[in-house]
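Working notes for the structure below.
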Amino acid sequence: MDFKRNVMTINMYEQILSGIDPRVSVAAKLRALYPVIERNLAAGLSYQMILDDLKEVGLEIRHGVFRQMLFRVRKQNKAATPPTNQPKKTESPPLPASIPTPSVKPEQTPLPSVSTPPKRIESPADLRAIRDMEIDLNALRERGLARRRQEKNDEK
């Protein structure tokens, strides 16, 4: 299985590189191979495995240079496409004097006191969005107290 995937990957690399002028830079070749490389990384191949495959097709790149080139290509691709699921920063509304006890279990309703993080972390921007999430600790505390009161009343 591993050998078959290796041969398929090498064949894809060779096919893509055959359509490129051999005089272009290594970075240009890597940009052309980028979709296949990303697919292989997502499938669980390590950088070293990909570098070994690239070496077999005649494209020898050192590990550090490969990582840097991938970083630059990813950055370039991210700048070319507009961001899609970026959470909007909004001001949290002021807390009401008392929070009513919800009739539905708290696990089923989203917390209004926490802004929603992105579904998947795909970039440093997603991590910054999670880091900068606004969390209203007082509202969370009140919600927890209300849930405990509800559980206590349900036990009786």
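Once both labels are positioned 7 Å from their Cα atoms along Cα-to-Cβ, the gap between Gln150 and Ala80 label points is 4.9 nm.
Between the C-alpha center of the stretch 121-147 and that of the stretch 2-81 there is a gap of 38 Å. Loop-located trypsin sites (Lys or Arg not before Pro) in the stretch 12-76 (DSSP state not H, G, I, E or B) with no more than 14 neighbouring Cβ atoms inside 10 Å: Arg23, Arg62. One chain, two ends: Asn11 and Gln48. Fully extended at 0.36 nm per residue, the span grows by 11.5 nm beyond their Cα-Cα distance. One decimal place: the segment Leu127-Arg23 gains 33.6 nm when fully extended, by the rule 0.36 nm per residue minus the C-alpha distance.
Quick note: the coordinates plus some simple rules give every number you see, no bench work behind them. Just so you know, these numbers come straight off a predicted model, no measurement behind them. Heads up, the Cβs are rebuilt from the backbone with ideal geometry, glycines too, and the neighbour counts pull from every protein chain shown.
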